[in-house]
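Okay, so here's the structure we're looking at.
The values are calculated or read from the model by the stated rules, or taken from the named source; none is laboratory data. Predicted model only: the values in this text are computed from it and were never measured. Cβ placement follows ideal geometry from the backbone for every residue including glycine, while neighbour counts extend to all protein chains displayed. To get the accessible areas, we keep the full protein, side chains included, count just its heavy atoms, and leave off ligands, DNA and RNA. Shrake-Rupley method; radii C 1.70, N 1.55, O 1.52, S 1.80 Å.
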Amino acid sequence: MMESFKFLYLEACENLNTNPCEKLLSRIEDVGNSNSFNLLGIQLTNETCKAFGQALKKDVHIQELDCSNCMFSEEGLINILLGLEKNKFLLTLNLKGNNIRSSGTEVLGKFLRHNSHLQKYEIFIFISNSVLYILRDNFVYSRLLYFS
């Protein structure tokens, strides 16, 4: 299963004229035949996120994607979400711990509106320095006020 995703990712890297990320390739190889992909804590460049997003756009095998604590840049997150926007096979998405703000929330909202197939997700969104929304499974799970 993941062999086909590896091909999609390498093809996207070639089309974008960017070098494949060795950490990402290693995680792809570690997954084997599972339909669950864990990027937990891997920090990816914007170029890698763009190639990863393009591969996700064509992927038909990954059903669970854990991108928690990857600290994507806003551009990187947007590239991944744009790739997932057309993906009808992903059922579970975890974006917790990615410091999602401003234009990232706009793309995230569009993504969630267009993906009725997504059954489970966990996303933390920082609205300001004092408000945090936690989204889980099609509703705002909680709104936390905190002060630093």
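If you go through segment 93-104 and keep only what is of a type outside the set (Gly, Ala, Ser), at pLDDT 75 or above and more than 11 Å from the chain's Cα centre (by Cα), you end up with just Ile100.
This table checks each residue for (1) under 20 Å from Lys88 (Cβ atoms); (2) under 11 Å from the mean Cα position of the chain (by Cα); (3) not hydroxyl-bearing (Ser, Thr, Tyr).
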{"position": "Asn33", "(1), (2), (3)": "no, no, yes"}
{"position": "Gly41", "(1), (2), (3)": "no, no, yes"}
{"position": "Phe52", "(1), (2), (3)": "yes, yes, yes"}
{"position": "Ala55", "(1), (2), (3)": "yes, no, yes"}
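Of the candidates Arg113, Arg136, Arg143, the single residue that is under 16 Å from Cys67 (Cα atoms) and either in contact with a strand residue (DSSP E or B) (Cβ under 7 Å, 6 or more places away or on another chain) or at pLDDT 55 or above (or both) is Arg136. In this structure, Ser26 qualifies as open to solvent by less than 70 Å² (accessible area, probe 1.4 Å), closer than 21 Å to Asn69 by Cβ and out of contact with any helix residue (DSSP H, G or I) (no Cβ under 7 Å at 6 or more places or on another chain).
Of all the residues that make up segment 1-30, how many are among the β-branched types (Val, Ile, Thr) and more than 19 Å from Leu95 (Cα to Cα)? Show your work before the answer.
Taking segment 1-30 first, the residues among the β-branched types (Val, Ile, Thr) are 18, 28.
From what's left, more than 19 Å from Leu95 (Cα to Cα): 18.
Selection size over segment 1-30: 1.
Taken over segment 78-117, the residue count meeting the criterion of being more than 19 Å from Leu40 (Cβ to Cβ) and touching a Ser or Thr at 6+ places or on another chain (Cβ under 8 Å) is 1.
Filtering segment 4-11 for residues that are more than 23 Å from Tyr121 (Cβ to Cβ) and loosely packed, with under 14 Cβ neighbours inside 10 Å leaves a non-empty set.
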